[in-house]
Amino acid sequence: MQKNTEPNKQLFSGFSASDTEQINRALALIAQIPEDPHYFRPKGVEVATILMNFNVDLATIIAAILSDPRLTALNPAPNIKELFGETVATLVKDVNWLNKVTVYSLEMTDQPSQTEILRRMLLSMTQDVRAVLIKLAYRIQRLKVLPRESYELRRFIAQETLDIYAPIANRMGIHQLKWELEDMAFRYLEPQSYRRIAKSLSDNRAQRENCINKFIALLQNKLAEEGISAEIYGRPKHIYSIWKKMRRKKLDIDELYDLLAVRVIVDNLTTCYATLGMVHSLWQTIPKEFDDYIANPKENGYQSLHTVILDADGNRIEVQIRTRQMHDFAELGVAAHWSYKEGGKHDAAIEKNIASLRKLLEEKGSDEALSESFRSELFNDRVYVLTPAGKLIDLVKGSTPLDFAYAIHTEIGHRCRGAKVNGRIVPLTYTLKSGEQVKILTAKEGGPNHNWIDLNLGYLKTSAAIGKIKSWFKNQQQAQNIATGKSVLDKESQRLGLKTLNLTELAKHFHQPDTDKFLEAIGRGDITSRQLAAFFKIPELEAPPAPAQRKKPEAEIKSAISVEGIDNVLTTLAHCCSPIQGNDIIGYISHKKGITIHRKDCENILHLSPEKQAQLISVSWGSKQVSYAVPIVIHAFNPQNLLNDVSQILAQAKIHISNAALDTHPDFSAQLNLTIQIENTDQLSQVLNKISQLPNIVDVKRKT
């Protein structure tokens, strides 16, 4: 039987006729949910009602209504995307995910780094910041109905609110929600302290209001006499913030002076100081309590004049004086209550999202562009994953299980031989996603693989992990490093089908004093397989010079480089990495040499300081390199998916296959013969290396 939705419809008045019709359709869906007298969780309509106080947009209201957990009981389940569009469907999906997150534990209360990572994870994993706003309203309603739950659950939810959701509301600049979340959670955690402070505030409310009103009336009259227009109002203090200050300053509530607070908003900067002078002339001041955050703004940009005066009855009143522009900036949430109260760093992406959020809250009729800018950009360069024990690890976006292993402990990284993500075996090159749980499989002993530091193979994203591996190689004994280096060199030359190598020439090219030092440098990881391949030259892949024609001068090679789409820009090829056509390259703007062209995996580029990274510029090879048909042979344990797996690697490298033949043997092993179109030796080395990493491969090499 359907419930009467008319009272609910009245709650959502104020929207246009077409918007109201959509809200009514959402309410009609909710009305189909069977009544359950034992259901104590927040209902979607209750959450949407809370949000109406914030003047939010239509999509947020409808998504709040449809985020009702009971909606999953409907059969068949409604298609929200089809009925209300993709934005609402995405919001509902995000809110449902936020309502089901179970990462938090009470142990995190004493682990500030873990609570901060969890806050960032929640923000980064929602596609639309409005979903977080709905979740905060949901948590308000959850706290309202919490008395029906067990003592343990009440304390858990209250502590989670203080550790995670109130700071998120603070960070987003929604202070009304922050204060309400804090006060309600505090009421469950410290009921006696809450009642004592509430009673004290109630007993003294009339006195405080009388004191504030007298101050405002006198200041308003004096400002009017000077022709100064100002908005003056009392600033309420909240129970949880009072309790925190009592504990921090070790004072009783009667000794706290800033229970009385007034904010004065004026038209311009000059008037701020004129008003301050008037306040100081009318009342006795407390000099040590004066702060000029206009002349010396806080690190996050917050500006205001703060002073404390004593009125005729000896009451201390905190006065804040600022312009409308300063006040609006503070109210966007960036300044007034974020950085200097939480102690966090200022972040441009957070600032942008707070601004978008507050503007969206202020205007129901916000345009589509503003709504689109509301897509979450918070922490989009990070990924947050969990250990099997539930500890959160903060990594760079694009990180792999191997990066995770090194983030846990260097030794775990060195001995890593496999990984499980959410209980499923994945390759070490798997790209991790926020919220996944990662378990590292280790060997009892052993060290890292040389392939791990080859950026082209995708094992590692973080420079810290790469540095740890290189350090491990450097710490091995000289004889072992020479042997390892010889093995790496032999493997690379055999793979490329090179029959003879001139070690003396190689050592000279890589600036090593002799062949042993050269092999040791390979064994330590100072010289990678990629760098070796860049030096090797397969005669068949080198364009034959035209008769009686000199070698192309370097100037002509440079002219083939395009700088941000513009040809004929003067460039210099870097000697440290010797880029050749076909390499992935990047430009570095130097003050003396103009634009220097480096390989993207050049050590000097990878270790640039953040300041010097600003001097990098996008470049590309201007002309198409001639390709050559190169036969390769691949031996595998079995033929299953072999051709498909190899074809995918070649397709990603944009390498064309001109011929393919697969032979299977009685022992189920397989041999795949391919002819591929290759531009140079370096490109061949890269693709052979990638194919060799497939789990089914015995070996792969150029056919000679």
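If R₀ is 60 angstrom, what is the calculated FRET efficiency for the pair residue 573 and residue 195, using the beta carbon separation as r and rounding to 0.05?
0.20
Treat every Asp and Glu Cβ in region 383-472 as -1 and every Lys and Arg Cβ as +1, leave all other atoms uncharged, and give the resulting dipole magnitude about the Cα centre to the nearest 20 debye.
Computed about the Cα centre, the dipole is about 160 debye.
Take the Cβ-Cβ distance between residue 224 and residue 471 as r, set R0 to 60 Å, and report the resulting FRET efficiency rounded to the nearest 0.05.
0.25
Pulled fully out, how much extra length does the chain show between residue 387 and residue 638, if you take 0.36 nm times their separation in residues and subtract their Cα-Cα distance?
Net length gain for the segment: 86.9 nm.
Roughly what would the spin-label model give for residue 494 and residue 273, points 7 Å off Cα along C-beta, in nm?
My value for the distance between the label points is 8.0 nm.
Using a basic spin-label model with each label point 7 Å from the Cα along Cα→Cβ, how many nm lie between residue 39 and residue 464?
Once both label points are built, they end up 4.6 nm from each other.
Using the 10 angstrom Cβ neighbour count as an exposure proxy, how do 668, 535, 84 rank, fewest first? Numbers along the way, then the final one.
Details: 668 11, 535 15, 84 23.
Going from least to most buried by this count: 668, 535, 84.
In nm, what is the difference between 0.36 nm times the number of residues separating residue 417 and residue 479 and their Cα-Cα distance? List each step's numbers first, then the result.
Details: separation 62, 0.36 × 62 = 22.32 nm, distance 2.49 nm.
Roughly 19.8 nm would be gained on extension.
For residue 102 and residue 312 in one chain, what is 0.36 nm times their gap in residues minus the Cα-Cα distance, to one decimal in nm? Walk me through the numbers on the way to the answer.
On the way: separation 210, 0.36 × 210 = 75.60 nm, distance 5.44 nm.
So the chain would gain 70.2 nm between residue 102 and residue 312.
Under the classification rounded if a/c is under 1.5, otherwise prolate if a/b is larger than b/c and oblate if not, where does region 70-158 fall, given a ≥ b ≥ c as square roots of the Cα gyration tensor eigenvalues?
Judged from the Cα gyration tensor, region 70-158 comes out oblate (a/c at least 1.5, b/c at or above a/b).
For region 204-331, just say rounded, prolate or oblate: build the C-alpha gyration tensor, square-root its eigenvalues into a ≥ b ≥ c, call rounded for a/c under 1.5, and beyond that prolate if a/b exceeds b/c, oblate if not.
oblate
Using 31 Å as the Cα-Cα cut-off, could you pick out the over-long pairs in 433/537; 93/178; 100/237; 81/600; 470/701?
433/537; 100/237; 81/600
With a cut-off of 20 Å, note down the residues of region 173-190 whose backbone N falls inside the zone around a label point 7 Å from the Cα of residue 246 toward its beta carbon.
So the set is 179-190.
Using the number of other C-beta atoms within 10 angstrom as an exposure proxy, rank 273, 406 with the fewest first.
Ordered by Cβ neighbours within 10 Å, fewest first: 273, 406.
Taking the highest mean first, how do the peptides 458-465, 599-606 order by number of other beta carbon atoms within 10 angstrom per residue?
Packing order, densest peptide first, comes out as 458-465, 599-606.
FYI, it's all coordinate maths here, none of it is from the lab. Bear in mind the structure is a predicted one, so any value in this text is a computation, not a measurement. Heads up, the Cβs are rebuilt from the backbone with ideal geometry, glycines too, and the neighbour counts pull from every protein chain shown.
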